[in-house]
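The values are calculated or read from the model by the stated rules, or taken from the named source; none is laboratory data. Because the structure is a prediction, the values reported are computed rather than measured. Positions of Cβ are backbone-derived with ideal geometry, glycine not excepted, and every protein chain shown enters the neighbour counts. In case anyone asks, the SASA skips ligands and DNA or RNA and just uses the protein heavy atoms, side chains included. Shrake-Rupley method; radii C 1.70, N 1.55, O 1.52, S 1.80 Å.
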Amino acid sequence: MNAELLATSIAHQLDVPHLLARILVARGCMSVAQAYERLHSSPSHVLNPLSEEFPMHGMKEALEWIDQAKKSGEKLCIFGDYDMDGLTGTALLKRGLSEIGIDASWHLPCRFGTGSGYGLSKDIVDQMLAEGVKYLLTVDTGITANAEIEYAKSQGMLVMVIDHHEPSGDGLPPSDVLLDPCQEECRYPNKSLCGAGVSYKFIDALLKKEGKGSAEKYLDLVALGTLADLVEMTPENRYLTRRGLSMLLNSQWPGVRELCRRQLESSPCVGGQDVLFRIAPIMNAPGRMDKPDAALELLLCDKVSDASAILSRLSKYNDLRKKTEAEISMAAIAWVKERYGEEIPRVLVVDGKSWHPGVIGIVSAKVAQTFNRPAAVLTVENGIAQASARAVPGFNWHKALFEVRDLFLRWGGHANAAGFSLKEDDIPELRERLQKLADDQNYQADGEAKEEESERIPAALNEITPNFMAAVQELEPFGGKNPYPILFAENVQVEKLRELRGGHLQLKLSQSGSPVFPAIAFGMADAKKLIDRERKKVSVAFEPIWNVYNGSKSIQLLIKAICENPAH
């Protein structure tokens, strides 16, 4: 059956707009049954980590470990990560453990100062020991912290690791308990849970064991962590995330509720795009520019007044982050152009003196996107380089870094994103060896930067209706490998055109008797010449979005590209 016939069949049998059916087919649904499965998440997709057939390795031991911790009365500390997944995982564990009577303390790593950098360090362990911590529970980190956990154990600590990253290849950490679906012995089918997701499975099993219901109240935290970490939307992840998204605006956690309401203003719901581009950046900002603690304090606060004050602090951090990120991105891209000209290597290792370590992850993503190359951006201070790396399709950073791990002081991450540190003197050797590893992975750079999303679904503007916009929500959560749909319409009439400050275009568009749609094209002022040359008849790639203003909402087209009409 060809694609259009299949889309017609899906639209008819599932009673969905034909345009939505075309999107489903374009995204791999090869039957009506697959389309139905994609649109309808079910609680049946949630797996039992204690099942005999597919257990999560270590779950029984984890429940025994926490029972021992509770009975001992000794101090327990949760050590998280400074990104959204680590923050939400820490908040979930802190709140979940309080339900069974454990008042856990918490620590987060910091990019700056003593013991700085990703993950657990000996300095942080010493600080916990000074505070009398006996039980250490890590979340979203720990799988590669072999030496640090060995040290904690040597000092009498009992350690449990909750993580979702790949093991380093140098063996598993010597923790008392390890929950990580990616460890070789684990038969749990969903290998794509984020750190908050694994924490949820643990707390859910714990509350059920203690006769205190389920952990469903924490799914808003799971949704934030899952989306921000860009993990694969497996059936279980999709159900957990959809359920969590529906809870965010009315979250029972005041900090979460105020965060979403302030960032989304009067939006009637929270989508995956909202989390990625409006919520995660402000939550990650404190950890990028200073200590991450304020973001976790927001998730844990229980008063609206406290939440409002913390949000004001987060906004200041975010403004500073944007300014710093823009400056270093420009410097890093200029570095590549000046050093390599037209001969861009297949793997980019870009280093700068005293670049702000809090934004190099965002900068590395920008460099990777600009040059369509896997990129690592390094900031060098006192002879030591901290790095953050981002991949492009076809290149696996975890695999590459494992092969050069002898150069690193510390490292960790996964296929698409990773971090490491090394001596400044070893940077040239790292560059050289990574080029050879690109050969080993058969990675071929095509030399041309691609659009962020090349998918373009043919559409007519008269198909963009409120009914279609409601149906699109059934494709949530958007993010990662399930981006918001980009549609493509030909022979579009530009009814009105206005250039805004900053090089943006404000338009009104129609097509063959369709309604007139307002549209915005950011950074596309140069397209005015094309529009005039084509006598205001062009083709456009766009995302249809709701624009909410003064309590009313209307459909707006977010233009991704403007081009000539194809010759017929």
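Is there a residue in the range 486-505 that is touching a residue at least 60 places away in the same chain (Cβ under 8 Å) and under 19 Å from residue 242 (Cα atoms)? No, every residue in the range 486-505 fails to be touching a residue at least 60 places away in the same chain (Cβ under 8 Å) and under 19 Å from residue 242 (Cα atoms). Within the range 205-221, can you find the residues that are among the charged types (D, E, K, R) and in a loop (DSSP other than H, G, I, E, B)? If the condition is that a residue be among the charged types (D, E, K, R) and in a loop (DSSP other than H, G, I, E, B), then 210, 212 are the ones that fit.
Here the helices (runs of 4 or more DSSP H) wholly within the range 8-109 that include at least 3 residues being modelled with pLDDT of 95 or more, open to solvent by 50 Å² or more (accessible area, probe 1.4 Å) and out of contact with any Phe, Trp or Tyr (no Cβ under 7 Å at 6 or more places or on another chain) are 59-72. Checked against (1) within 30 Å of residue 490 (Cα to Cα); (2) at pLDDT 90 or above; (3) in a loop (DSSP other than H, G, I, E, B), residue 462 passes all but a single condition, namely (3). Is at least one residue of the range 529-541 touching a residue at least 24 places away in the same chain (Cβ under 8 Å), open to solvent by less than 70 Å² (accessible area, probe 1.4 Å) and closer than 27 Å to residue 34 by Cβ? There is at least one residue in the range 529-541 that is touching a residue at least 24 places away in the same chain (Cβ under 8 Å), open to solvent by less than 70 Å² (accessible area, probe 1.4 Å) and closer than 27 Å to residue 34 by Cβ.
So that you can scan it fast, the table gives a plain yes or no per residue for (1) under 21 Å from residue 548 (Cα atoms); (2) touching a residue at least 60 places away in the same chain (Cβ under 8 Å); (3) part of a helix (DSSP H, G or I):
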site	(1), (2), (3)
232	no, yes, no
236	no, yes, yes
241	no, yes, yes
247	yes, no, yes
258	yes, no, yes
261	yes, no, yes
267	yes, yes, no
273	yes, yes, yes
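Quickly run through the range 329-352 and pick out the residues that are open to solvent by less than 60 Å² (accessible area, probe 1.4 Å), free of Cβ contacts under 8 Å to residues at least 40 places away in the same chain and part of a helix (DSSP H, G or I). Answer for the range 329-352, where residues must be open to solvent by less than 60 Å² (accessible area, probe 1.4 Å), free of Cβ contacts under 8 Å to residues at least 40 places away in the same chain and part of a helix (DSSP H, G or I): 329, 331, 333, 334, 335, 336, 340.
Considering the range 474-489, the residues that are in a loop (DSSP other than H, G, I, E, B) and not basic (Lys, Arg) include one that is modelled with the lowest pLDDT, namely 480.
Would it be correct to say that residue 561 is in contact with a strand residue (DSSP E or B) (Cβ under 8 Å, 6 or more places away or on another chain) and farther than 25 Å from residue 4 by Cβ? Answer is no for this residue. With over 18 Å from residue 360 (Cα atoms) and either out of contact with any strand residue (DSSP E or B) (no Cβ under 7 Å at 6 or more places or on another chain) or at pLDDT 95 or above (or both) as the only criterion, which of 306, 319 stands out? Exactly one of 306, 319 is over 18 Å from residue 360 (Cα atoms) and either out of contact with any strand residue (DSSP E or B) (no Cβ under 7 Å at 6 or more places or on another chain) or at pLDDT 95 or above (or both), namely 306. Just name the residue that is least open to solvent (accessible area, probe 1.4 Å) out of those in the range 143-198 that are modelled with pLDDT under 95 and on the phi > 0 side of the Ramachandran plot. For the range 143-198, the residue satisfying everything is 171.
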